[in-house]
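Only one structure is covered here, and it is reproduced in the block below.
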Amino acid sequence: MADNPFAQPSTLPFQLPPFDRIRDSDYRPAFETGMREQLAEVAHIADNTEPATFDNTIVALERSGQLLTRVEDTFSRLNACNTDPQMQQIDTEMAPKLTAQRDAIFLNAALWQRVDALYEKRAALHLDPESLQLLTRYHTTFVRAGARLKPAEQARLRELNRQISTLTTRFKQNVLKATADGAVVVDDVHDLDGLSSGQIGAAAQAAAARGLSGKWLITLQNTTNQPPLAQLTNRALRERIYKASIGRALSGPTDNRPVIAQLVRLRAERAALLGYPSHAAYQLEDESAGTPQAVRDMISQVAPAALARARAEGADIQKLIDAEQAAAGKPSFQLQPWDWSFYAEQLRKQRYSFDQARVAPYFELDRVLQDGVFYAAHQLYGLSFRERKDLPVYQADVRVFEVSDADGRPLALFLGDYFARDNKQGGAWMASYVSQSKLLNHKPVVANHLNIPKPQTGQPVLLTFDEVTGMFHEFGHALHGMLSNVRYPLLSGTQVPRDFVEYPSQYNEMWAREPSVVAHYARHYQTGAPMPPELLAKVLEATKFNQGYATTEYVEAALLDQAWHQISVAQAPAAEGVPGFEEAALRSSGLDYAPVPPRYHSAYFSHIFESGYSAGYYAYLWSEVLARDTGQWFHEHGGLTRANGDYLRNRVLSRGRSEDPKQQFRDFYGRAPEIAPLLEYRGLTAVSAP
């Protein structure tokens with residue numbers, strides 16, 4: 001370990017990982033040493049002959065395992081966005097070991113006795129509110145980890161956890177490979193009619209990178225629907241792309257059906273062992289929702305209006321198809337999932353008199369970032385951003401910014417990793433390399449990851465408005481991490497319930513469409529001219545278009561997640577029954593409208609089978625209720641002002657989990673959440689269920 005880059009805290013600003021020094025061969029020894037060190041530290045705490053105190057037990061736990069945290073945080077982040085075969089092998093090997101490490105801590109009987117004793121006399125400890133919250137979180141975590149089980153039950157629990165961690169790792173790697181392998185090769189450039197020249201060039205570049213010179217490659221994103229479907233005029237190619245998307249991880253070496261079947265069965269068994277009727281009941285107990293019934297109640301307020309809107313949208317699209325085919329003297333055809341985006345785009349052009357080709361030049365990535373995302377953060381919180389090109393990165397196109405607070409003091413480092421790569425997982429996400437903590441004197445290092453197709457060298461990066469919104473969304477997570485101002489690592493930043501963590505990010509989306517902010521960043525990449533006011537008005541008006549589709553595909557996925565995780569061991573299907581289970585779940589939801597498939601089918605539903613959102617995909621909608629209430633509050637109180645931003649920062653964004661998140665929202669909003677602003681934001685208020 002003498003020369004291992006993880007052996008000591010990084011000497012770079014903000015303890016940024018030394019990406020230029022890290023080699024794959026560094027990870028195993030750092031993991032092994034870090035685990036040994038942490039277990040020794042924990043044993044010292046558990047075996048202490050002195051009576052348990054908050055400092056010698058709870059604070060000591062917060063200080064333990066710092067080497068392991070350094071290597072695990074860096075490895076897991078890079079394995080998601082810049083993996084290679086050796087890292088995937090290390091991931092496969094380490095996942096069950098890290099799970100066993102966690103079990104060794106939270107199933108340590110002597111340590112549990114100390115934590116439980118402190119919790120039982122918590123009132124007499126006279127702790128400050130944040131310290132009391134920390135003690136409560138530790139006690140809850142120990143209980144939920146099985147500390148109260150009998151030794152034989154704990155032995156079974158350890159084995160279940162080991163198997164589950166192995167399966168989630170396998171699922172993740174299967175999806176990554178299946179998504180890369182599922183890319184669609186196009187032999188004739190004429191088949192790409194409808195794409196821009198920049199997109200066609202990017203497809204040629206992607207093909208050449210795989211040794212397919214003279215061809216074009218349409219790579220897949222993680223969702224069911226694929227962006228090129230909105231532009232491609234070739235219906236047969238649209239169908240090929242769609243079927244490649246939904247066919248991922250359903251056969252061959254990347255078949256996730258047996259993984260899913262075993263995973264849901266093991267999760268159900270673990271929940272029963274811990275005293276819960278289902279995995280969903282276990283997961284939701286520690287979320288804001290509390291119960292599966294609360295999730296169903298919330299979804300039921302949105303689903304009927306969403307489906308009614310989607311059916312109305314589908315009827316309009318079918319009329320457009322019929323008219324188009326009649327004008328061409330051809331027989332019409334029934335609307336299919338691979339047709340929806342293409343004809344919805346035609347409808348949008350008719351209704352709002354613009355298309356993506358006219359809008360895209362005003363959404364250049366760097367201008368959106370600097371004059372949109374960063375501008376809004378400056379106006380609201382006084383933050384300033386200075387690019388640091390002197391710091392190491394793991395990919396040449398990753399950008400690093402030093403963030404300063406309103407008083408000029410250094411606050412955080414922000415990394416922007418915006419482009420798609422074959423060795424990068426799909427979707428968009430925020431990650432923390434260093435979490436803020438006063439106890440450890442850590443300032444945050446956070447990153448945003450998107451999967452924007454990279455254009456050919458020298459070409460501008462022009463975004464869709466959805467991609468613009470995605471940048472604002474992920475930066476909302478980044479703000480939650482960067483503005484954290486708590487003492488203890490366990491309570492820092494985004495370490496809040498899943499159905500609260502999406503609140504700051506979804507709230508931050510509002511600034512992507514706020515007229516004053518859009519006017520600041522929507523400028524032509526060549527001339528610098530602002531987007532014409534009439535075009536800007538149409539872009540903003542069109543944001544409510546197709547929301548029936550968007551909301552329905554999301555709700556279908558959320559209900560599918562609940563279906564998988566509300567079953568018992570006996571109800572878990574065999575591998576060959578996985579597709580049938582999914583079909584039955586969608587039918588029983590009442591949302592099985594064929595032209596609108598779920599946002600994710602099970603075989604590539606990474607949120608719930610790999611990345612920690614099991615029984616929690618509903619969280620986006622739950623959090624969006626809070627986000628749209630917050631948007632309404634801002635508009636009622638003057639909009640984009642420092643006073644409003646600081647008010648939200650002080651009551652929510654800086655608090656992490658130092659107090660109950662539900663209380664944070666009540667302190668900010670002044671009353672219970674209301675769903676009406678969300679329905680209005682999505683344009684669903686004028687629709688009633690059929």
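Miscellaneous remarks
- Normalised by the number of residues in segment 436-559, the mean separation of alpha-carbon contacts (under 8 Å, six or more apart) gives a relative contact order of 23 percent.
- Electrostatic dipole magnitude of the chain [Cβ: Lys, Arg +1; Asp, Glu -1; Cα centre; debye, to 20]: 260
- Stretching the chain fully between Ala117 and Ala2 yields a gain of 37.4 nm (0.36 nm per residue, less the alpha carbon separation).
- In nm, spacing of pseudo-spin labels at Glu153 and Ser516 (7 Å Cα→C-beta vector): 5.7
- When you restrict to C-alpha pairs under 8 Å that are six or more residues apart and normalise by the size of segment 554-690, the relative contact order lands at 25 percent.
- Relative packing of 377-384, 508-515, 652-659, 478-485, which averages over residues the other C-beta atoms within 10 Å, highest first: 478-485, 652-659, 508-515, 377-384
- Signed unit charges on C-beta, dipole axis of the chain, positive-most listed residue Ala206, Ala326, Leu135: Leu135
- Given the choices (1) 82, 59, 52; (2) 95, 65, 56; (3) 88, 60, 54, Cα extents along the principal axes in Å derived from the coordinates of this structure is entry (3).
- Charge tally for Ala603 (other residues, Cβ to Cβ under 12 Å; Lys, Arg +1; Asp, Glu -1): -1.
- Total formal charge among the other residues, if their Cβ is under 10 angstrom from that of Gln336, Lys/Arg +1 and Asp/Glu -1: 0
- Since only Leu560, Asn650, Gly612 are under comparison, the one whose Cα sits farthest along the positive direction of the charge dipole of segment 534-690, derived from C-beta charges on Lys, Arg, Asp and Glu, is Asn650.
- Between Asp422 and Ser76, the FRET efficiency estimated from the beta carbon spacing at R0 = 25 angstrom works out to 0.85.
- Taking Cα centre as origin and charging only the Cβ of basic (Lys, Arg, +1) and acidic (Asp, Glu, -1) residues, the dipole magnitude of segment 562-690 rounds to 460 debye.
- Rounded, prolate or oblate (a/c below 1.5 giving rounded, otherwise prolate when a/b exceeds b/c) for segment 210-331 by Cα gyration tensor: oblate
- In order along segment 282-298, the Karplus-derived 3J(HN,Hα) couplings, from 6.51 cos²θ - 1.76 cosθ + 1.60 at θ = phi - 60°, round to 5, 5, 6, 4, 9, 9, 4, 5, x, 9, x, 4, 4, 5, 4, 4, 5 Hz, and Gly and Pro are given as x.
- The chain - mean residue ellipticity at 222 nm from DSSP helices (-39,500 (n - 2.57) per run, n ≥ 4, rounded to 500): -16500 deg cm²/dmol
- In this rough spin-label picture, where each label sits 7 Å from Cα along the Cβ direction, the Ser611-Val189 distance is 3.5 nm.
- Pairwise FRET efficiency - Ser196 versus Arg386, Cβ, R0 = 30 Å, nearest 0.05: 0.35
- For segment 551-644: rounded, prolate or oblate by the Cα gyration tensor [a/c cutoff 1.5]: prolate
- The phi-based Karplus calculation (6.51 cos²θ - 1.76 cosθ + 1.60; θ = phi - 60°) puts the 3J(HN,Hα) values of segment 146-156 at x, 4, 8, 6, 6, x, 5, 5, 5, 4, 5 Hz, whole numbers, x for Gly and Pro.
- Ranked by the mean number of other Cβ atoms within 10 Å of their residues, highest first, the peptides 586-599, 389-402 come out as 586-599, 389-402.
- Over all pairs of different C-alpha atoms in segment 405-474, the reciprocal of the mean inverse distance, the Kirkwood hydrodynamic radius, equals 14.1 Å.
- Around Thr254: net Lys/Arg minus Asp/Glu count, Cβ-Cβ under 12 Å: +3
- Backbone N atoms of segment 435-449 closer than 13 Å to the 7 Å Cα→Cβ label point of Asn485 belong to residues 438.
- DSSP bridge orientation in the chain - percent antiparallel, rounded to nearest 5: 75
- Available extension along the chain between Asp55 and Lys349 is 99.5 nm, counting 0.36 nm per residue and deducting the alpha carbon span.
- Segment 362-481 shape via C-alpha gyration tensor axes, a/c threshold 1.5: prolate
- Fully extending the segment from Ala396 to His126, taken as 0.36 nm per residue of separation minus the present Cα-Cα distance, adds 92.1 nm.
Values quoted throughout were computed directly from the atomic coordinates according to the rules given, and no laboratory measurement underlies them. Owing to the predicted nature of the structure, the values given are computational and were not obtained by experimental measurement. Don't worry about glycine lacking a Cβ; one is built from the backbone with ideal geometry, like all the others, and counts go over all protein chains shown.
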